[in-house]
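Undergrad: I have a structure I would like to understand better, so I am pasting it below and will then ask my questions one at a time.
The values are calculated or read from the model by the stated rules, or taken from the named source; none is laboratory data. Because the structure is a prediction, the values reported are computed rather than measured. Positions of Cβ are generated from backbone atoms using ideal geometry, with glycine treated the same way; all protein chains shown enter the neighbour counts. Protein only, heavy atoms only, side chains kept; ligands, DNA and RNA dropped before computing areas. Shrake-Rupley method; radii C 1.70, N 1.55, O 1.52, S 1.80 Å.
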Amino acid sequence: MAATLEVLLTGLRCLEGDRLGERLDLLGVCENRLAALKAETVAALARRDGAAAAADALHARLGQSRHGAKRDVKIAGQLVKVPAAARALANGSITPQHARLIAEAAEAAPPSAPIDEHALLRAAEREPADLFNKTVREHINTRIGDDLAARRKHQRAQRRLSVKRQADGMFELFGRFDPLTGSRIETALSATSNKLWRAEDPKNRRTPEQRRADALAMLVTGAGGRGAGPSAPGVDLLVIADYDTVAGQLRHARLSDGTPLTPAELQRLACDANVLPAIFNREREPLWLGKSKRHATPRQRAVLAERDKGCVGCGASVGWCQAHHVVHWQHGGHTDLDNLCLLCSSCHHQVHENRAQIVPAPGGRFRLQPAGRAPPGRNDRLRE
């Protein structure tokens, strides 16, 4: 068996020079298929000896951390419940990240509205894992229905925050929050981070991770003064709702990423948070500005937030995105909704520096097509 593996590795190493991209494609398929085999093995061990013994085996035989071993045992058990996703992983057409997201979605979906596993698989085969994460979230949100209040109660019960002091004196934080609380925290962090970015020396910038750490410290300690806290201008949570003109009521209240809100959450937000309302009639708003303005207006950004739900390239949250002209403004592109999409800084760089392209997607949206990268599932040479 070792000799067979060595022959495969030797063959892959022969793909050099102009064929390095092909080698990378094949390595991806190999990794996916091996991950599927590992999950099958771990699930079988857990059935035979119990979950704890399976985790011990991963820790002892593969040298995994105990936390990582327990996580892998859990994921292996979840994959058993999504057989189509497990088969797709086994033939190499999706990655372990895609399979894990589908398995977790199946577990999170209410019993009355299970996920459409095959619809998610079709999306998984054409979207990178970070963007697919947003697709899965939207898929679950559309299937919640009347179970939203019960689901939110369950999510709230899972909230936690740990603060650990490391051996070198540094502190490490890990938190888990319900969607509404997490969105409010993220909104405050992104606004404060953007404020720090604008004040930085362009030749000596912090990393995004350092900037977020400094933003959190400012928000918690008040070190940044009056403008640093959650009540600072610009730290607004975008809430979108439909207005029923017949009933005279708001309906389908949701956050910019599509997360639905219960009536109680909407009422609480209206009382104790900076809420940027996005209740509008698209036909009557000045959303198509032609060449009169170069930058998207706040109202246009609200519509883009509802449509794109974040970066069209990687799914990053709205607060980390800029409004990007599909046809560049300096090349004649208009500041119109059908020529705008949301991109984070990293994906913006892919467009301007690495020749990635913005291409149309269903529903009037756009998606990022990286230059020179085959979509997941394109290479079939090692699936059979």
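Undergrad: Mind telling me which of Pro202, Pro110, Pro260 comes out most flexible in a GNM of the chain, alpha-carbon contacts under 10 Å?
TA: Pro202
Undergrad: Please give the peptides 309-316, 353-360, 149-156, 211-218 ranked by average Cβ packing (other Cβ atoms within 10 Å per residue), highest first, as a rough proxy for protection.
TA: Values: 309-316: 24.1, 353-360: 13.1, 149-156: 14.8, 211-218: 17.8.
For the peptides 309-316, 353-360, 149-156, 211-218, the packing ranking is 309-316, 211-218, 149-156, 353-360.
Undergrad: Separate question: Suppose all protein chains stay in the model; what accessible area per residue would a 1.4 Å probe give for the chain, in Å²? Walk me through the intermediate numbers first.
TA: Details: 22890 Å² over 384 residues.
Averaged over the residues of the chain, the accessible area is 60 Å².
Undergrad: Enumerate the helices in the chain for which the Kyte-Doolittle hydropathy averages -1.0 or more and the C-alpha atoms extend at least 27 Å along the helix's axis, using complete DSSP H runs.
TA: Once both thresholds are applied, what remains is 20-49, 179-199.
Undergrad: What order, most packed first, do the peptides 70-81, 324-335, 36-47 have when packing is the mean number of other Cβ atoms within 10 Å of each residue? All intermediate terms of the calculation are to be shown ahead of the outcome.
TA: Details: 70-81: 19.2, 324-335: 15.2, 36-47: 17.7.
Listed from highest to lowest mean packing, they are 70-81, 36-47, 324-335.
Undergrad: Using the 2.2 N^0.38 Å rule of thumb for compact globular proteins, work out how segment 1-87 stacks up: its C-alpha Rg over that value, please.
TA: Taking N as the residue count of segment 1-87, the ratio is 1.32.
Undergrad: Can you order the peptides 91-104, 113-126, 185-198, 165-178 by their average number of other Cβ atoms within 10 Å per residue, highest first?
TA: Averaged packing, sorted descending, gives the order 91-104, 185-198, 113-126, 165-178.
Undergrad: Here is a follow-up. Which lysines, if any, have their Cα less than 27 Å from the Cα of Lys203, not counting same-chain residues under 8 positions apart?
TA: Output for Lys203: Lys195.
Undergrad: Per DSSP helix of 4 or more residues, -39500 (n - 2.57); summed, then divided by the residues of the chain. What does that give at 222 nm, rounded to the nearest 500?
TA: My calculation for the chain gives -15500 deg cm²/dmol from helical runs alone.
Undergrad: To continue, here is another question. Please report the carbon-and-sulfur percent of the accessible area for segment 115-197; probe 1.4 Å, protein heavy atoms only, DNA, RNA and ligands left out.
TA: C and S fraction of accessible area: 52 percent.
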